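Down below is the structure, laid out as structure tokens.
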Amino acid sequence: MTAMNATPLAVPDHRTLRAAMLLASRAPSVHNTQPWHWRFDGARLHLRTDPDRLLTAADPHGRQQVISCGAMLHHVRTAFGAQGWHTDTTRVPDPLDPGRLAEISFRPWPDPPSGLVARAGAIEHRHTDRLPLGAPENWEDLQRRLRMLVSPHYLELDTLDDAVTARLAAVSEQTAALRRHDMMYQAEIGWWAGHSGDPEGVPAAALVSDAEFARVRVGRVFPSAAHSMRRAETDDHAGMVMLSSEGDSLPEWLATGEALSAVLLECTVAGLATCALTHITELPTGRNILTNLLRHPGTPQIVVRIGTVPDGEPPLPPTPRRPLADILTIEQG
């Protein structure tokens with residue numbers, strides 16, 4: 001076939017591209033670092049890590065950075081899918097270039113599944129909720145749906161029952177104790193948490209007071225917010241799930257992020273709040289302890305709290321995001 005009669009490559013126009021990428025930029029990331037950069041070359045989207053946003057104390061090997069980029073990758077594919085574009089994705093296209101995480105090409109998708117469209121609609125409403133949460137509704141049915149969504153990423157989703165929660169809380173407290181006197185770690189988390197008006201980091205409105213944190217069964221220690229007692233009538237009965245992979249490689253970290261995104265968005269569709277607990281698996285010691293909680297061989301990657309919010313509670317303001325121009329480069333042909 002000659003170039004003159006070749007079928008034109010199907011690609012979204014720039015307006016659609018920007019709209020989908022702006023929506024997908026709501027993806028969660030560790031400490032809201034947003035450690036990704038995208039490049040559109042006129043035919044394909046390319047995803048790379050942003051090395052300047054590596055948490056050198058908390059995440060020196062870039063594991064959580066890649067998980068964050070995996071969540072963004074899934075958000076991107078979901079946003080484009082809802083706009084009628086199927087995304088054919090090559091993950092880690094060059095093993096010799098680990099910063100190059102994915103390459104996406106497009107083809108029209110006139111009838112995306114309703115579940116995908118619903119998850120795309122949930123992107124703007126999802127946020128991390130660190131306050132006490134009530135027990136999740138329709139828990140058994142939700143677990144089945146979550147396992148179905150996780151399965152294509154070759155990960156396992158395990159439910160952690162109440163008998164395990166006390167052990168999980170002990171692992172969380174042990175992790176905090178090991179980090180308490182790590183000055184570089186404390187400076188890093190202090191830098192990324194509690195600022196206001198910046199397009200990155202965990203905003204002050206998303207943090208909890210000491211009194212509120214004391215009522216959460218398993219949570220991460222951040223710089224505390226000013227004293228308050230929100231949800232004073234809510235006992236924390238959040239459900240807990242854990243994502244695990246067969247091994248502990250970069251492609252599996254990327255897949256963990258994609259699976260995490262699917263879990264968080266499906267929970268949001270179900271009207272539930274979520275909080276990813278990344279600190280529990282930061283250190284090898286924590287991952288080793290959690291391995292004993294699995295009913296199958298595998299490597300624990302991330303734990304997620306899932307629960308209900310009291311009716312009538314006003315929504316939190318959106319967590320800030322970097323301008324689209326900072327995370328997306330569009331090459332002019």
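Answer with yes or no whether L294 is outside the structural domain of V117 (by TED's automatic domain parsing), of a type outside the set (S, T, Y), in contact (Cβ under 8 Å) with a residue 40 or more places away in the chain and in a loop (DSSP other than H, G, I, E, B). So L294 passes the test. For the range 201-234, which positions are of a type in the set (S, T, Y) and either touching a residue at least 40 places away in the same chain (Cβ under 8 Å) or touching a Cys at 6+ places or on another chain (Cβ under 6 Å) (or both)? Hit for the range 201-234 is T234, nothing else. For L264, the criteria (1) closer than 19 Å to D59 by Cβ; (2) crowded, with 24+ Cβ neighbours inside 10 Å hold in every case but one, which is (1). Of the residues making up the range 193-207, those that are more than 15 Å from S224 (Cβ to Cβ) and at pLDDT 90 or above are P199, E200, G201. Checked across the range 127-136, the condition of being of a type in the set (D, E), over 21 Å from R26 (Cβ atoms) and either in contact with a Cys (Cβ under 9 Å, 6 or more places away or on another chain) or in the same structural domain as S25 (by TED's automatic domain parsing) (or both) holds for no residue. Out of E258, E252, one residue alone is in contact with a strand residue (DSSP E or B) (Cβ under 7 Å, 6 or more places away or on another chain) and more than 21 Å from T165 (Cα to Cα). It is E252. Out of E246, E233, one residue alone is surrounded by fewer than 21 Cβ atoms within 10 Å (Cβ to Cβ), farther than 27 Å from A102 by Cα and either in contact with a helix residue (DSSP H, G or I) (Cβ under 6 Å, 6 or more places away or on another chain) or of a type in the set (D, E) (or both). It is E233.
If you take the residues in the range 102-146 that are among the acidic types (D, E), out of contact with any helix residue (DSSP H, G or I) (no Cβ under 9 Å at 6 or more places or on another chain) and outside any helix (DSSP H, G or I), which one is surrounded by the fewest Cβ atoms within 10 Å (Cβ to Cβ)? Going through the qualifying residues, I end up with D111. Considering the range 271-282, and only residues there that are touching a helix residue (DSSP H, G or I) at 6+ places or on another chain (Cβ under 6 Å) and in contact (Cβ under 8 Å) with a residue 60 or more places away in the chain, the residue that is nearest to I67 (Cα to Cα) turns out to be T278.
Okay, residues lined up against (1) within 18 Å of the chain's Cα centre (by Cα); (2) assigned to a loop (DSSP other than H, G, I, E, B); (3) without any contact (Cβ under 8 Å) to a residue 24 or more places away in the chain:
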| position | (1), (2), (3) |
| --- | --- |
| P60 | no, yes, yes |
| Q64 | yes, no, no |
| S68 | yes, no, no |
| T89 | no, no, yes |
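Is it the case that L96 is in a loop (DSSP other than H, G, I, E, B), within 21 Å of P251 (Cα to Cα) and modelled with pLDDT under 95? Yes: the conditions hold for L96. Just checking, how many residues over the range 33-58 are of a type in the set (S, T, N, Q), surrounded by fewer than 21 Cβ atoms within 10 Å (Cβ to Cβ) and in a loop (DSSP other than H, G, I, E, B)? Residues that pass the stated criteria total 1. Here G312 meets the list (1) part of a loop (DSSP other than H, G, I, E, B); (2) over 22 Å from the mean Cα position of the chain (by Cα); (3) on the phi < 0 side of the Ramachandran plot almost entirely, failing just condition (3).
Check R295, R287, R305 and return the single one that is modelled with pLDDT under 95 and either surrounded by 23 or more Cβ atoms within 10 Å (Cβ to Cβ) or under 27 Å from N138 (Cβ atoms) (or both).
Answer to the check: R295.
The values are calculated or read from the model by the stated rules, or taken from the named source; none is laboratory data. Just so we're clear, the structure is a prediction, and the values are computed from it rather than from any experiment. Counting neighbours? That spans all protein chains shown, and the Cβs are built from the backbone with ideal geometry, glycine included.
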